[in-house]
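The values are calculated or read from the model by the stated rules, or taken from the named source; none is laboratory data. Please read these numbers as outputs of a predicted model, since none were measured by experiment. Cβ sites come from the backbone with ideal geometry, for glycine too, and all protein chains shown count toward neighbours. In case anyone asks, the SASA skips ligands and DNA or RNA and just uses the protein heavy atoms, side chains included. Shrake-Rupley method; radii C 1.70, N 1.55, O 1.52, S 1.80 Å.
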Amino acid sequence: MNVSPAVDIDGLVKRYGHTTAVDGLSVRFPAGAVTAVLGPNGAGKTTTVEICEGLRRADSGRVRVLGRDPLRDGAVLRPRVGVMLQEGAGFYPGARAIDMLTHLARLHRTPLDADQLIERLGLRQSAGTPLRRLSGGQRQRVALAAALIGRPELVFLDEPTAGLDPHVRRATWDLISELRSDGVTVVLTTHLIDEAEQLADHVVIIDAGRLAVEGSPQELTAGVGDGVITFGGPPRLDLSSLRAALPETAEVREVTPGGYQVTASVDPHLLATLTSWCATHDILAEGLQVGRRSLEDIYLEATGRAR
Amino acid sequence: MTYSPAPGAASLPRMLVAQAAFEIKLLLRNGEQLLLTAVIPVVLLALLSAVPAFDTAGHERVDFLVPGIIALSVMSTAFTSLAIATGYERRYGALKRLAVSPLPRWALLAAKAIMVSVVEALQIALVCGLGLALGWRPEGSPVSVVILVVIGTAAFAGLGLLMAGTLRAEATLAAANLVYLLLLVLGGVVIPFEQFPAAIRPVLESTPTGALADGLRSVLADGAGLPWRSCAVLIAWAVVGFAAAARWFRWE
Ligand SMILES: Nc1ncnc2c1ncn2[C@@H]1O[C@H](COP(=O)(O)OP(=O)(O)OP(=O)(O)O)[C@@H](O)[C@H]1O
Ligand SMILES: [Mg+2]
């Protein structure tokens with residue numbers, strides 16, 4: 001990205017008592033793009049995002065959102081930044097969706113039309129019900145609408161699709177794509193790898209409050225020597241002779257009973273070595289597939305849960 | 001529909017009016033809150049004016065009751081309603097959500113103050129209207145009444161916000177209702193302090209409700225000037241309540 005980033009985080013630290021939630025995180029989220037922040041539960045995603053929103057105070061480090069300090073310049077930033085809190089929190093329990101959105105619209109100069117937004121998010125049926133009686137997924141959608149109502153240039157969406165049914169999730173993905181094409185910068189957190197893969201221009205994986213890896217989905221999955229071959233066979237094969245036959249850098253393991261995976265710099269020669277080993281051992285190698293590492297593989301490795 | 005960015009806050013007066021109107025609307029729509037703020041005061045005034053349930057310390061029943069019921073109304077809005085509503089707003093993250101909206105925090109507090117004032121004005125109009133229909137003849141200066149109501153409101157609001165900002169929403173609901181009931185009985189609203197044992201009377205008179213009811217009664221029933229003692233008690237509560245709320249209130 002040649003333009004200045006929408007969010008610039010440098011050496012961010014946040015502690016809660018003895019827990020260090022964010023531990024020296026440095027990362028940038030590009031403007032005009034969708035950034036997906038991934039990481040295990042408790043990795044510090046919400047904490048980081050809420051510091052960017054001006055809701056929490058960093059212990060140290062420097063955070064700039066649209067070039068401004070989220071705490072000091074909150075009054076300038078708040079109209080420009082849309083926020084969806086985790087689990088769709090943040091509503092008046094007795095208000096209806098339409099009341100809540102109409103009210104938030106009144107706090108902005110040129111808001112979207114609350115009715116249209118309700119229609120767009122498929123909330124027509126539930127618009128007249130007090131928010132505390134809506135289902136979790138319906139509430140999430142209201143919270144998403146609330147993040148957009150003020151026509152922000154940057155939105156932070158904390159797990160926008162958690163707990164949504166598959167149809168609504170697709171619809172939400174479409175909406176996020178529309179946001180991007182209309183020029184809104186999106187920062188979202190998610191636990192869904194396919195969501196990040198489909199939506200994000202930029203993926204940031206954090207683990208234990210630190211940056212693990214970042215890059216576009218293509219960059220992350222295109223590393224040299226990062227091919228993967230998967231094949232099926234009888235469970236509990238003795239893999240030592242295969243390891244001996246393959247180059248030293250190759251890794252072989254049984255990921256599920258009878259499901260094998262070779263991670264290596266894959267070339268036709270290596271594939272031939274593998275298949276001839278299979279022939280020697282009378283293994284059919286069902287479902288043999290040559291591919292790149294998936295984003296999921298990258299995630300599992302980056303967050304230390306690979307084995 | 002396009003989402004192309006067009007950010008900007010509404011003007012401050014617009015935001016303030018919108019926020020206050022929104023909160024008033026939600027309050028008036030809430031059945032339980034209306035019971036506390038409108039139904040109970042009106043029913044008590046009508047019933048107890050008609051039936052000689054308690055001795056009224058030498059006053060006409062309605063003259064004795066109206067000041068007490070005004071104090072009750074102020075408590076119901078500035079303390080009970082405010083505490084319960086704010087407690088649930090905090091619990092459901094409404095306060096956190098507003099903190100990331102263009103509305104400044106002071107404007108949120110100002111909107112709540114407007115909400116409380118508007119509802120109290122409606123209540124007092126209702127109670128005074130009913131009182132006049134029942135033959136109430138007020139004495140004293142309206143200015144003294146306004147001063148008492150304003151500092152009484154501050155005393156209750158500080159305590160209500162303290163409760164809402166520190167306890168769980170359910171605990172706030174229970175405690176705020178309990179306090180309302182206790183002070184309805186013990187706070188000089190409908191039962192004169194003279195009917196309680198002398199030993200606990202100073203305690204009752206030092207509660208915000210006791211001080212406000214007593215002060216309003218001395219103005220409206222006895223035609224006295226601004227009652228300094230009541231004012232001092234209410235100001236003390238206001239200072240303590242707001243200082244503690246400022247110190248311990250948690251927004252989420
Ligand atoms: N208000 C708080 N007080 C104390 N500890 C907190 C608080 N908020 C978060 N934490 C701790 O900080 C760490 C990071 O939490 P955070 O909510 O940022 O994680 P997350 O990445 O958003 O997780 P999830 O995927 O589950 O939403 C966790 O260990 C959590 O227990
Ligand atoms: Mg989180």
When residue A:106 is evaluated against the numbered criteria (1) under 13 Å from residue B:100 (Cβ atoms); (2) free of Cβ contacts under 8 Å to residues at least 12 places away in the same chain, which criterion, by number, is the only one it fails? (1)
Can you tell me how many residues within the stretch A:107-125 are surrounded by fewer than 20 Cβ atoms within 10 Å (Cβ to Cβ) and either more than 7 Å from chain B (Cβ to nearest Cβ) or within 20 Å of residue B:24 (Cβ to Cβ) (or both)? 6
Matching residues in the stretch A:63-95 - criterion: being surrounded by fewer than 20 Cβ atoms within 10 Å (Cβ to Cβ) and either more than 9 Å from chain B (Cβ to nearest Cβ) or of a type in the set (A, V, I, L, M, F, W, C) (or both): A:64, A:67, A:68, A:69, A:71, A:72, A:73, A:75, A:76, A:86, A:89
Out of curiosity, is residue B:55 charged (D, E, K, R), surrounded by fewer than 24 Cβ atoms within 10 Å (Cβ to Cβ) and assigned to a loop (DSSP other than H, G, I, E, B)? yes
Please determine whether any residue of the stretch A:128-136 is in the same structural domain as residue A:24 (by TED's automatic domain parsing) and within 16 Å of ligand 1 (Cβ to nearest atom). yes
Pick out, from the stretch A:173-248, the strands (runs of 3 or more DSSP E) lying fully within it that include 1 or more residues that are within 14 Å of chain B (Cβ to nearest Cβ) and within 16 Å of ligand 1 (Cβ to nearest atom). A:185-189
Quick check on this structure: which one of A:42, A:32, A:11, A:24 is away from ligand 2 (no atom under 16 Å from the Cβ) and assigned to a loop (DSSP other than H, G, I, E, B)? A:32
Elements of type helices (runs of 4 or more DSSP H) in the stretch B:159-252, at least 2 residues being among the aromatic types (Phe, Trp, Tyr): B:228-248
Within the stretch A:51-77, residues being within 16 Å of ligand 2 (Cβ to nearest atom) and free of Cβ contacts under 8 Å to residues at least 24 places away in the same chain number 1
Within the stretch A:1-32, track down each residue that is over 18 Å from residue A:188 (Cα atoms), out of contact with any helix residue (DSSP H, G or I) (no Cβ under 8 Å at 6 or more places or on another chain) and in contact (Cβ under 8 Å) with a residue 40 or more places away in the chain. A:4, A:10, A:11, A:13, A:15, A:20, A:23, A:24
Mind counting the residues in the stretch B:1-33 that are under 21 Å from the mean Cα position of the chain (by Cα) and open to solvent by 60 Å² or more (accessible area, probe 1.4 Å)? 5
